[in-house]
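The structure under discussion appears below in the form of structure tokens.
Nothing in this text is a laboratory measurement; each read-out follows from the coordinates by a stated rule. All values derive from a computational prediction rather than experimental measurement. All Cβ positions, even for glycine, are placed from backbone atoms using ideal geometry, and neighbour counts span all protein chains on display.
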Amino acid sequence: MTTTIPIPSRQLFIDGEWREPVKKNRISVINPSTEQIVGDIPAATAEDVDVAVKAARKALKRNGGKDWASATGAHRAKYLRAIAAKITEKKELFSKLEAIDCGKPYDEAAWDIDDVAGCFEYNADLAEALDKKQNAPIELPMDTFKCHVIKEPIGVVGLITPWNYPLLMATWKVAPALAAGCAAILKPSELASLTCLELGEVCKEVGLPAGVLNILTGLGPDAGAPLAAHPDVDKIALTGSSATGSKIMTAAAQNVKPVTLELGGKSPIVVFDDVDIDKAVEWTLFGCFWTNGQICSATSRLILHESIAKEFLDKLVKWAKNIKISDPLEEGCRLGPVVSSGQYEKVLKFVETARSEGATILSGGQRPQHLKKGFFIEPAIITDITTSMQVWREEVFGPVLCVKTFSSEEEAIELANDTHYGLGSAVISNDLDRCDRVTRAFDAGIVWVNCSQPCFCQAPWGGKKRSGFGRELGEWGLDNYLSVKQVTRYISNDAWGWYTPPSPKL
Ligand SMILES: NC(=O)c1ccc[n+]([C@@H]2O[C@H](COP(=O)([O-])OP(=O)(O)OC[C@H]3O[C@@H](n4cnc5c(N)ncnc54)[C@H](O)[C@@H]3O)[C@@H](O)[C@H]2O)c1
């Protein structure tokens, strides 16, 4: 596969056109496999946020709202389907850009781009279905009144996204926001923005009305923070770390602005003693090391029945050593580099701290010998863990799996829920009654049974506790961008009759 492709040079996408940032700053794009600068992206600041918010507000109001916000869902669905088709047409370009920008293995990037197109298509279906749900009657206990409900776009929305699934995480927000009739400002992560900028070009090509989607790349504090605090933005949706979630909630609270937060995790995978060990080993690896280990829902705490621990761990190490670590564009790559030097140092420090706290690094956790450049880390498997250790408690967001054993179902559940987070969870057992009990006991928003990580845009996605609140995907994703208006009509010919009418003038 050709590894050098031209990296498009773009400006900010505002009001349907490419615009240079007011302060003209740019941020380098570094390929994490080579550590080379391969391009740059524009760096927006508060001044650009202001311009984009004005453009979005204008797009909502254009032609009395008839062009977008109050058009039918079916009208908007046509644009969503056209975007999906264009992205599919450009799948190879998008997949390569994703792999170069964030280090994701090409096969995974290609899978993401299929999911992006699928998510736009699915939200087009939801937009069409929305038309049929409008004016739904509400049963009232008084026959002198009639009531119905209208669902309207919430307004101008700020969408702030991370770097691990750059275009897919953006799509989880952009597609339902547009389906609902909102006008959006997308602020992707400064560490991987290339495909999100290309989405701007797609919007131009399909003739999306100007200002309906604006794309501002830039640093979190410089571009994300002013977006979150902007008084003319009606809602903020973030996917990111818990620390950023907390800052965004604080900023949004000043204007009583609604937020939805998809944050980090430290998810468990519980493996019982009745499993097919090879199959369970593969799901355990996929659950933690897919996306180079940088998955919010990574099942990064393996809770393993003690009676199979030895055999399971022997196999786990053998399978882990067999994972192909290489440049993401190399055929068959299954683990690329982590996204940046900062992330590389952070992950290695987690491993070192675990070692110094008395844990055993059973495998990996260091630079692979055959790769002298790039932010590559061999998948780490860590045992002899205590529940007070940092690696058990904190999200690593890298290829690091920690392991604890258990002897009873109760103990497994207690270990699984021993976290401030509550995003994903997985149970592997051939006893489906047991899977059912454990499923109900997990304190998390997502449960995988006999697998880990598969994600479908039809099913709700989101967490509890410090993993955030609100649900993306499915019809819940669309609801995030809709405001519900009740319309109550008095239909009696009689006067209301609460107050005594004044005496007629003599
Ligand atoms: N729950 C989910 O669905 C999900 C999915 C993917 C990633 N994540 C989480 O995302 C994190 C990794 O992504 P990241 O490192 O990009 O997260 P991050 O919180 O550092 O950044 C996320 C986004 O927020 C922006 N940002 C940073 N500071 C900001 C501020 N003060 N105001 C407004 N915006 C600001 C960043 O520029 C970026 O666009 C992990 O914790 C991971 O678990 C969650």
Would you mind calculating the relative contact order of region 298-338 from Cα pairs under 8 angstrom and at least 6 residues apart, reporting the percent as a whole number?
22 percent
Region 236-341: which trypsin sites (Lys or Arg not before Pro) are DSSP loop and have at most 15 other beta-carbon atoms within 10 angstrom?
Lys324
Tell me, in nm to one decimal, what length is gained between Ala71 and Asp114 on full extension, where the rule is 0.36 nm per residue of separation less the Cα-Cα distance?
12.7 nm
Stokes-Einstein D for region 196-353, Kirkwood Rh over Cα pairs, 10 °C, 1.306 mPa s (µm²/s):
82 µm²/s
For Thr360, Thr45, what's the fewest-to-most ordering of other Cβ within 10 Å of each Cβ?
Thr360, Thr45
Could you please state, rounded to a whole Å, how far the C-alpha centre of region 486-506 is from the C-alpha centre of region 342-364?
74 Å
Would you give the gap between the C-alpha center of region 241-264 and the C-alpha center of region 41-57, rounded to a whole Å?
20 Å
Can you give the angle from 0 to 90° between the axis of helix 309-321 and the longest principal axis of the chain, with both taken from C-alpha atoms, to the nearest 10?
80 degrees
Relative contact order, percent, the chain [alpha-carbon distance under 8 Å, six or more residues apart]:
18 percent
Evaluate the distance, in nm, between pseudo-label points positioned 7 Å from the Cα of Lys58 and of Glu89 along their respective Cα→Cβ axes.
2.7 nm
If you fit an axis through the alpha-carbon atoms of helix 106-133 and take the longest principal axis of the Cα set of the chain, what angle between them do you get, 0 to 90°, nearest 10?
20 degrees
Area projected by the alpha carbon convex hull of region 268-449, averaged over all directions, nm²
9.9 nm²
Quick note, region 71-155: a/c under 1.5 would make it rounded; otherwise a/b > b/c is prolate and the rest oblate (a ≥ b ≥ c, C-alpha gyration tensor); here it is prolate
Nearest 10 degrees, 0 to 90: what angle lies between the long axis of helix 166-180 and the longest principal axis of the chain (Cα atoms)?
20 degrees
Candidate cut points under chymotrypsin sites (Phe, Trp or Tyr not before Pro) in region 422-503, DSSP loop plus at most 16 other Cβ atoms within 10 Å of their own Cβ, are Phe456, Trp496, Trp498, Tyr499
Under the 0.36 nm per residue contour assumption, what length would be gained going from the current alpha-carbon distance of Lys321 and Asp443 to full extension?
40.7 nm
Rounded, prolate or oblate: pick one for the chain, where a ≥ b ≥ c are the square roots of the eigenvalues of its C-alpha gyration tensor, a/c under 1.5 means rounded, and failing that, prolate if a/b is larger than b/c, else oblate.
oblate
Per the helix-only model, the chain has a calculated mean residue ellipticity at 222 nm (DSSP H runs of ≥4, -39500 (n - 2.57) each, divided over all residues, rounded to the nearest 500) of -11500 deg cm²/dmol
Which of Leu126, Leu227 comes first, and how do the rest follow, when ranked by fewest Cβ neighbours within 10 Å?
Leu126, Leu227
Peptide ranges 254-260, 398-404, 92-98 listed from the most packed, as the mean C-beta count within 10 angstrom indicates
398-404, 92-98, 254-260
Mean separation of Cα contacts under 8 Å (at least 6 apart) over the residue count of region 98-154, i.e. the relative contact order in percent, is 19 percent
In whole angstrom, how far apart do the alpha carbon centroids of region 385-434 and region 1-31 sit?
41 Å
Once you have the Cα-Cα distance between Cys451 and Asp278, take 0.36 nm times their residue separation minus that, and quote the gain in nm to one decimal.
61.0 nm
If Ile413, Ile269 are placed from fewest to most neighbouring beta carbons inside 10 Å, the sequence is Ile413, Ile269
